[in-house]
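Q: This is the structure I want to talk about, given as structure tokens.
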Amino acid sequence: MMIDFHSHIMPAFDDGASDADTSLKMIKLSRDMGVNTIVSTSHCYPCSSADIDKFLSERERAYDELMAAAQNSGVDMPEIRLGCEVHLTCDLTRLRGIEKLCIDKTGYMLVEMPSSNWNDNTIDYIYKLSISGIKPIIAHAERNIAQKSELLSALYTLDILIQINAESFGAAPLKKFIDNMMKNKMIHIIGTDMHNLNTRHPNMDKAKKYIIKRYGAECWSYLMRNADIILEGEELYYRDLMSFKKKSFLSK
Ligand SMILES: [Fe+2]
């Protein structure tokens, strides 16, 4: 079982795959690496309920286009689960229908934190979301490390689920950060965040290799198991989260 939890594979929909042909090539590459489920998480910037409805209808059109192209392509299609990467720019709980942006009716939502300076409102928005019945998963949390430490601490005290991008595993500037997060049970999900075939391409195989070598095969199984639990719509209990240490025989 290999689940890619973060991707931009919908044709000509966001800044991901430019057309259906590119989508299928990204999917085929993923399939060749052993990926059997891809969570499609196109960017969504909801500021109103109308934005949510517009996003969902356009995503449906993009999905239908992809499936039509797949039919004649000969590509062995993985399971595709529809979600989105929701940008947190306001109190999302005030928007009617926000739950429709959860990943395939699971109750879990992939949330992208603001890239600019966070403030108390940022934490308040994610807190409100987490007590509204929606289970947020912070997308590529490694991008947030420059934020103020007190705000990051406040975020982590909320017991929020964390996703890290595949390419960040093994990236030299992030090794220490990821080691610490792994040790403290703070990494729960992995995804490629693939957008295209060159700069941000499918790379689950490389991450798998690195994770198994650095933290052990059990760590990889754990990350896949977590993704599976979420996609089944089941509760990922905090008491079941696991800690993994860098294997001592490896150099930094
Ligand atoms: Fe993304």
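The values are calculated or read from the model by the stated rules, or taken from the named source; none is laboratory data. Given the structure is predicted, the values throughout are model-derived calculations rather than measurements. Every residue, glycine as well, gets a Cβ built from its backbone with ideal geometry; the counts of neighbours run over all protein chains shown. Surface areas here come from the heavy atoms of the whole protein model, side chains and all, with no ligands, DNA or RNA. Shrake-Rupley method; radii C 1.70, N 1.55, O 1.52, S 1.80 Å.
Q: Can you name the strands (runs of 3 or more DSSP E) wholly within the stretch 130-200 that have at least 2 residues being without any contact (Cβ under 8 Å) to a residue 40 or more places away in the chain?
A: The qualifying strands (runs of 3 or more DSSP E) are 135-138, 161-165.
Q: Considering every residue within the stretch 199-217, establish whether at least one is under 21 Å from Ile103 (Cβ atoms) and modelled with pLDDT under 95.
A: So far as the stretch 199-217 goes, no, none of its residues is under 21 Å from Ile103 (Cβ atoms) and modelled with pLDDT under 95.
Q: Touching a Leu at 6+ places or on another chain (Cβ under 8 Å) and at pLDDT 95 or above: does that describe Ile103?
A: For Ile103, the condition - touching a Leu at 6+ places or on another chain (Cβ under 8 Å) and at pLDDT 95 or above - is met.
Q: Here is a further query. Consider the stretch 124-151. How many of its residues are away from the ligand (no atom under 16 Å from the Cβ) and open to solvent by less than 20 Å² (accessible area, probe 1.4 Å)?
A: Residues flagged as away from the ligand (no atom under 16 Å from the Cβ) and open to solvent by less than 20 Å² (accessible area, probe 1.4 Å) within the stretch 124-151 amount to 4.
Q: While we're on this one: Restricting to the stretch 186-207, count the residues that are in contact with a Phe, Trp or Tyr (Cβ under 6 Å, 6 or more places away or on another chain) and away from the ligand (no atom under 13 Å from the Cβ).
A: Result for the stretch 186-207: 1.
Q: Does Thr89 satisfy the condition of being among the hydroxyl-bearing types (Ser, Thr, Tyr) and touching a Ser or Thr at 6+ places or on another chain (Cβ under 8 Å)?
A: Taking the combined requirement at face value, the residue does not satisfy it.
Q: Hey, another quick one. Say we look at the stretch 23-78 and pick out the residues that are open to solvent by less than 30 Å² (accessible area, probe 1.4 Å) and more than 22 Å from Thr192 (Cβ to Cβ); which of these is farthest from the ligand (Cβ to nearest atom)?
A: Ser49
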